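The values are calculated or read from the model by the stated rules, or taken from the named source; none is laboratory data. Only a predicted model underlies this, so the values are computations on that prediction, with no experimental measurement involved. Counting neighbours? That spans all protein chains shown, and the Cβs are built from the backbone with ideal geometry, glycine included. Only protein heavy atoms, including side chains, enter the accessible area calculation; ligands, DNA and RNA are left aside. Shrake-Rupley method; radii C 1.70, N 1.55, O 1.52, S 1.80 Å.
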Amino acid sequence: MQKIKGRGAQKNTGNSFFELNHTPDNEFLEHCHKEGEEPESKQTKFQTIFPKTIVNKIKSPDVGMEYSVNPYQGCEHGCIYCYARNTHEFWGYSAGLDFEKKILVKKNAPQLLEKKINSKNWLVNTIVFSGNTDCYQPIEKKLKITRECLQLMLRYRHPTAIITKNSLVLRDLDILRELAKDNLIRVNISITSLSENTRRLLEPRTASIKKRLQTVETLAANNIPVNVMMAPIIPGINNHEILGLVKEVANRGAESVGYTIVRLNGAIAEIFEDWIRKTLPDRADKVLNQIAACHGGKLNDSRFKTRMKGEGEFSKQVAQQFKIAKQKYLPNSERKPLDKTHFLRLKNKQYELF
């Protein structure tokens with residue numbers, strides 16, 4: 001079968017929570033293609049859900065965040081390596097194509113967020129948008145759920161962080177500027193490569209590299225702290241770009257950089273292997289073998305402290321390259337903690353008026 005254009009995953013994998021899984025009938029699919037028909041719509045579908053909570057406590061000790069808010073479940077960006085794919089199985093979907101084609105929308109996120117941070121038991125701590133799927137994926141342009149949440153964070157003067165690879169974050173520059181005045185905001189921009197060709201392969205529906213670099217530059221020019229994440233580094237695909245990427249983002253005004261080594265947990269290993277054999281067949285074995293060499297001989301790695309940075313010679317080389325790059329281009333890259341002292345807890349009567 002031909003590669004599915006505009007998508008990361010090339011198939012749906014089984015759901016680990018179900019004993020029975022739907023498997024497409026290959027004969028039926030081939031018949032559809034011969035007849036010029038599509039067995040399934042290529043369009044992304046959106047479903048509104050109403051969760052009871054929105055602020056998630058992060059228990060993993062090596063993630064670097066304590067709380068997160070995810071306005072959307074699933075992500076249309078379609079990044080083939082995304083660790084969040086596995087979470088789609090909790091909702092009864094596949095971590096493959098379903099993850100990027102069936103997006104769950106949490107329209108009541110702002111109301112749940114305000115209730116949480118205004119509660120008597122809330123101990124103020126930085127909340128990250130988003131720890132799982134991108135809060136600025138394409139549908140946010142229309143729904144503006146993330147913007148509503150950020151307006152609340154500003155109203156309460158609450159420390160806030162953002163992780164995104166979409167230039168849409170600049171739409172909310174007015175809010176970010178106000179948060180930055182009191183040291184209440186940090187934006188993390190994910191830039192995996194400086195090559196647009198590589199970006200199209202790995203992250204088919206994300207903002208272009210040019211737009212992301214411009215986003216870093218614009219945020220920095222507005223005194224909004226920017227950290228760039230080269231996440232993930234994939235052996236044989238983008239590991240040769242470390243020095244060049246750090247130099248570029250430093251010139252654009254990034255105050256710090258970080259990285260992770262790709263890890264293919266759960267269904268992502270099957271999804272990634274299927275993708276690379278269809279997309280980069282000439283180097284598939286080499287890439288897969290090098291990834292495994294970073295994680296004790298396996299594509300999957302759930303071990304805290306080693307899963308993010310890997311182990312072995314390749315991982316050591318990456319760590320050394322990053323150390324050299326930071327010393328050369330970002331020698332003063334310490335990040336200042338966000339301020340918790342400005343937080344305003346509104347009285348219940350006031351809260352009920354909003």
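Of all residues in segment 133-166, those that are more than 18 Å from Asn183 (Cα to Cα) and either assigned to a loop (DSSP other than H, G, I, E, B) or open to solvent by 10 Å² or more (accessible area, probe 1.4 Å) (or both) total 15.
None of Leu264, Leu194 is closer than 25 Å to Ser333 by Cβ and either in contact (Cβ under 8 Å) with a residue 24 or more places away in the chain or crowded, with 18+ Cβ neighbours inside 10 Å (or both) except Leu194. When the residues of segment 90-132 are filtered to those that are open to solvent by 30 Å² or more (accessible area, probe 1.4 Å) and of a type in the set (D, E, K, R), the one that is nearest to the chain's Cα centre (by Cα) is Lys102. For segment 286-337, the set of residues classified as open to solvent by 90 Å² or more (accessible area, probe 1.4 Å) and either at pLDDT below 90 or farther than 23 Å from Leu245 by Cβ (or both) consists of Asn289, Lys298, Arg303, Phe304, Lys305, Asn332, Glu334, Arg335, Lys336, Pro337, listed by residue number. Looking at this structure, is Glu241 open to solvent by 10 Å² or more (accessible area, probe 1.4 Å), out of contact with any Asp or Glu (no Cβ under 8 Å at 6 or more places or on another chain) and without any contact (Cβ under 8 Å) to a residue 40 or more places away in the chain? Here the answer is no, as Glu241 does not meet what is asked. One residue stands out in segment 55-68 among those that are assigned to a strand (DSSP E or B) and touching a Lys or Arg at 6+ places or on another chain (Cβ under 9 Å): the one that is surrounded by the most Cβ atoms within 10 Å (Cβ to Cβ), namely Ser68.
Report whether or not Arg199 is over 23 Å from Val63 (Cβ atoms) and open to solvent by 10 Å² or more (accessible area, probe 1.4 Å).
yes
For segment 76-84, the condition holds for at least one residue, the condition being that it is surrounded by fewer than 21 Cβ atoms within 10 Å (Cβ to Cβ) and of a type outside the set (Phe, Trp, Tyr).
In the set (1) closer than 20 Å to Ala95 by Cβ; (2) touching a residue at least 40 places away in the same chain (Cβ under 8 Å); (3) over 20 Å from the mean Cα position of the chain (by Cα), Ala325 fails one condition alone, (1).
In this structure, Leu113 does satisfy being on the phi < 0 side of the Ramachandran plot and touching a residue at least 12 places away in the same chain (Cβ under 8 Å).
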